[in-house]
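Structure first, commentary second.
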Amino acid sequence: MSAKCPTLVCMITGESARIKHLLRRAAFGYRSSDWARYASLGEAGVLKTLVDYDSIPMKITDLPLDDMGGLVAPNDVDSLKRYWLFRFCQSSRPLEEVMTMFWHHHFATSDYKVQNPSIEYRQNQLLRKHAMGSFRDLLGVIAIDPAMLIWLDGNNSTKKAPNENFSRELLELFTMGIDGGYTEHDVKEGAKSFTGWSYDSDRFQVKFNDKNFNDTPKEYLGQKGDFNLGTTLDIVARHPSTPRFVTKKLFEFFVHDNPPPEEIDRLCKVYYDTRYSIRELVRAILTSPHFYSDEALYSQIKWPVQYTVMLVKTLDVPYTWIQDMQSYADNMGQQLYNPPNVKGWKTGRNWINTNTMTARLNFAKHAVDQLRYRQLVKQRVTDGLAMAHLKADASFRTAETAIEDVWEWLLPSMPLTPDTRQMLKDYMHTGAPKKPTESYYWDRAHGLVELILTCPEYQLA
């Protein structure tokens, strides 16, 4: 990758390159068959389609047939994982799924403790519904979500002994951040405000018991009053530490790990000016010069779900051809519905180790093999090169042109380093006759694609 610029003078240039960057980050990739539509929309049109997705019809039913032909079972967490990955691969509203995953990571709850896939599925639907709405509204629904009440022991909170878990994580991990200026006193006072709420597993409903609510006057984040859950969340949502923490996390998710202070200031203003609108925050981030800066380009290690979904889209492999896709993502280190703890997943370089890279390699091989078995490798490569505005009929006349063109299809705007180029050339020339034909190189196409999909550069987005 090229050297990073100290200021925003190095930018991703060319509308095609900018759209592809936008789709990698906000849609987890695109299919060659969809590229003509995206290109015709232009950068502004693609952004609007991604962000303002409510107007786009959703053709996926809530409980479709799974990859084995049976109904998705809301009481089976593996079935729910398959269904969510199906949505990632097939949804006409890809940013909706990306944001649902972001909030699943942010408001992390896990099956290993909740142990109730039905209410975990309900939470998934809740996060999807509010993924781009008001952050204050999202706080309100997640605070009394059944999975959250079980996960952070809200069910065990009483008037006389308020449980502090949700109150603490609300401030430390969900809103203000550990350095946000709250005190232990605020945690204790907030816990009182959240009493009275519980999940009745026998009746499958959340209920409020006024007799179990601590109605004593409270002092919270410098304010005094007869606060309850709603008024306490109002105070947290408008506290100046909250937008700084949330916008920084969103920036790091979509852009890179070093948000400039002035950019966070700008995003905080958007937060207040739009009455806590997540949609407008995301729009502001995806239209920021920082998003299209050299520092952002291929600066993030793909999350396992991002890797699997992007690979499936890029190769245009039907979801039903991939058996146990959720198991591959699990082995790469990201179990949907099961983040490791209340902090969510450890991201970035934490995604990469010997075991997880082996899982990525195995998935890439499995996906390419599905095309190879059906004799579709040449067609997919040809479609990819055509999408990348390259001449497919000339691409495999030499090893060098094959490597350069397939690389540009799979990793547009990513420089091909000498070491990687040599590794790919060694593969293309291994066992080659003195005068290799175009047919010989096409026979090596599946391996070339597979090698690029497993090289270090492809792990970046």
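Could you tell me which residue of region 379-411 is nearest to the chain's Cα centre (by Cα), considering only residues that are among the basic types (Lys, Arg) and at pLDDT below 95? Let's see the steps before the verdict.
Narrowing region 379-411 to residues among the basic types (Lys, Arg): 380, 391, 397.
Retained after the next criterion (residues that are at pLDDT below 95): 391, 397.
Details: Lys391: 33, Arg397: 39 Å.
If we take residues in region 379-411 being among the basic types (Lys, Arg) and at pLDDT below 95, then Lys391 is nearest to the chain's Cα centre (by Cα).
Which pairs turn up if I take residues in region 313-330 that are over 17 Å from Phe28 (Cα atoms) and assigned by TED's automatic domain parsing to the domain that holds Val377 and look for partners that are at pLDDT 95 or above and among the polar types (S, T, N, Q) with beta carbon separation below 9 Å, at least 6 apart in sequence or on another chain?
What qualifies is Trp321/Gln370; Ile322/Thr308; Ile322/Gln370; Asp330/Asn338.
Could you list, in sequence order, the residues of region 169-189 that are surrounded by 13 or more Cβ atoms within 10 Å (Cβ to Cβ) and part of a loop (DSSP other than H, G, I, E, B)?
Applying the first criterion (surrounded by 13 or more Cβ atoms within 10 Å (Cβ to Cβ)) to region 169-189 yields 169-177, 180-182, 186-189.
Result: Met176, Gly177, Gly180, Gly181, Tyr182.
Taking the stated definitions as given, is Arg360 under 30 Å from Phe107 (Cα atoms) and part of a helix (DSSP H, G or I)? Show your work before the answer.
Details: under 30 Å from Phe107 (Cα atoms): yes; part of a helix (DSSP H, G or I): yes.
Yes.
If you check every pair at least six apart or on different chains, which have Cβ atoms under 8 Å apart with a residue in region 252-268 that is outside the structural domain of Ser241 (by TED's automatic domain parsing) first and a residue that is modelled with pLDDT of 95 or more and surrounded by fewer than 17 Cβ atoms within 10 Å (Cβ to Cβ) second?
Matching pairs, first to second residue: none at all.
Could you run through region 122-158 and say how many residues are on the phi < 0 side of the Ramachandran plot and of a type in the set (Asp, Glu)? Write out each step before concluding.
Step one: of region 122-158, the residues on the phi < 0 side of the Ramachandran plot are 122-152, 154-158.
Imposing the further condition that a residue be of a type in the set (Asp, Glu) reduces the set to 137, 145.
Matching residues across region 122-158 total 2.
In region 135-160, what residues are within 15 Å of Trp197 (Cβ to Cβ) and either outside any helix (DSSP H, G or I) or of a type in the set (Val, Ile, Thr) (or both)? Write out each step before concluding.
Within region 135-160, the first condition is being within 15 Å of Trp197 (Cβ to Cβ), and the residues that meet it are 139-159.
The answer is Val141, Ile142, Ile144, Asp145, Ile150, Leu152, Asp153, Ser157, Thr158, Lys159.
Residues that are aromatic (Phe, Trp, Tyr), at pLDDT 95 or above and not in a helix (DSSP H, G or I): does region 45-54 have at least one? Please lay out each step first, then the result.
Initially, region 45-54 is screened for residues aromatic (Phe, Trp, Tyr), giving 53.
Narrowing further to those that are at pLDDT 95 or above: 53.
From what's left, not in a helix (DSSP H, G or I): none.
Looking for residues that are aromatic (Phe, Trp, Tyr), at pLDDT 95 or above and not in a helix (DSSP H, G or I), one finds none in region 45-54, hence no.
Yes/no per residue for (1) closer than 24 Å to Ile285 by Cα; (2) at pLDDT 95 or above; (3) outside the structural domain of Lys188 (by TED's automatic domain parsing):
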residue: Gln90; (1), (2), (3): no, no, no
residue: Phe102; (1), (2), (3): yes, yes, no
residue: His106; (1), (2), (3): yes, yes, no
residue: Gly133; (1), (2), (3): yes, yes, no
residue: Ala161; (1), (2), (3): no, yes, no
residue: Glu172; (1), (2), (3): yes, yes, no
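Do we have Asn165 as at pLDDT below 95 and either in contact with a helix residue (DSSP H, G or I) (Cβ under 7 Å, 6 or more places away or on another chain) or under 19 Å from Lys343 (Cα atoms) (or both) here?
no
Tally time: how many residues in region 401-423 are part of a helix (DSSP H, G or I) and within 28 Å of Asp34 (Cα to Cα)?
Quick first cut of region 401-423, residues part of a helix (DSSP H, G or I) only: 401-410, 418-423.
Okay, now just the ones that are also within 28 Å of Asp34 (Cα to Cα), so 401-410.
Qualifying residue count, region 401-423: 10.
Check region 441-460 and report whether any residue there is farther than 21 Å from Val309 by Cα, assigned to a helix (DSSP H, G or I), free of Cβ contacts under 8 Å to residues at least 12 places away in the same chain and more than 29 Å from the chain's Cα centre (by Cα). So that I can check it myself, show each step before the final result.
Looking only at region 441-460, we keep the residues that are farther than 21 Å from Val309 by Cα, and these are 441-445.
Subset that is assigned to a helix (DSSP H, G or I): 441-443, 445.
Filter again for free of Cβ contacts under 8 Å to residues at least 12 places away in the same chain, leaving 443.
When the remaining residues are screened for being more than 29 Å from the chain's Cα centre (by Cα), the result is 443.
Scanning region 441-460, I find at least one residue that is farther than 21 Å from Val309 by Cα, assigned to a helix (DSSP H, G or I), free of Cβ contacts under 8 Å to residues at least 12 places away in the same chain and more than 29 Å from the chain's Cα centre (by Cα), so the answer is yes.
Hey, can you tell me all the residues within region 412-422 that are touching a residue at least 12 places away in the same chain (Cβ under 8 Å) and more than 31 Å from the chain's Cα centre (by Cα)? Give the steps one after another, and end with the answer.
Step one: filter region 412-422 for residues touching a residue at least 12 places away in the same chain (Cβ under 8 Å), giving 412-417, 420-421.
Within region 412-422, none qualify.
I'd like the residue in region 190-238 that is part of a helix (DSSP H, G or I), of a type in the set (A, V, I, L, M, F, W, C) and free of Cβ contacts under 8 Å to residues at least 40 places away in the same chain and, out of all such residues, is surrounded by the fewest Cβ atoms within 10 Å (Cβ to Cβ).
Residues of region 190-238 that are part of a helix (DSSP H, G or I), as a first pass: 190-193, 210-212, 229-238.
Now drop any that are not of a type in the set (A, V, I, L, M, F, W, C), which leaves 191, 229, 233, 235-237.
Now narrow it down to the ones that are free of Cβ contacts under 8 Å to residues at least 40 places away in the same chain: 191, 235.
Details: Ala191: 23, Ile235: 18.
Checked region 190-238; the qualifying residue surrounded by the fewest Cβ atoms within 10 Å (Cβ to Cβ) is Ile235.
With Ile278, Ile264 as the choices, which residue is aliphatic (A, V, I, L, M) and under 20 Å from the mean Cα position of the chain (by Cα)? Steps first, answer last, please.
Working: Ile264 fails: under 20 Å from the mean Cα position of the chain (by Cα).
Exactly one of Ile278, Ile264 is aliphatic (A, V, I, L, M) and under 20 Å from the mean Cα position of the chain (by Cα), namely Ile278.
Conditions tested, residue by residue: (1) touching a Phe, Trp or Tyr at 6+ places or on another chain (Cβ under 6 Å); (2) more than 23 Å from His106 (Cα to Cα); (3) surrounded by fewer than 15 Cβ atoms within 10 Å (Cβ to Cβ).
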site	(1), (2), (3)
Gln326	no, no, no
Met332	no, no, no
Pro340	no, no, yes
Gly344	no, no, no
Thr354	no, yes, yes
Ala364	no, yes, no
Arg372	no, yes, no
Leu376	no, yes, no
Val381	no, yes, no
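Any residue in region 101-116 that is among the hydroxyl-bearing types (Ser, Thr, Tyr), surrounded by 22 or more Cβ atoms within 10 Å (Cβ to Cβ) and without any contact (Cβ under 8 Å) to a residue 24 or more places away in the chain? Spell out the reasoning first.
Quick first cut of region 101-116, residues among the hydroxyl-bearing types (Ser, Thr, Tyr) only: 109-110, 112.
Subset that is surrounded by 22 or more Cβ atoms within 10 Å (Cβ to Cβ): 109.
Checking the rest, the ones that are also without any contact (Cβ under 8 Å) to a residue 24 or more places away in the chain come to none.
For region 101-116, residues among the hydroxyl-bearing types (Ser, Thr, Tyr), surrounded by 22 or more Cβ atoms within 10 Å (Cβ to Cβ) and without any contact (Cβ under 8 Å) to a residue 24 or more places away in the chain: absent.
The values are calculated or read from the model by the stated rules, or taken from the named source; none is laboratory data. Since this is a predicted model, take the numbers as computed values, not measurements. In this analysis, Cβ positions are derived from the backbone assuming ideal geometry, glycine residues included, and neighbour counts consider all displayed protein chains.
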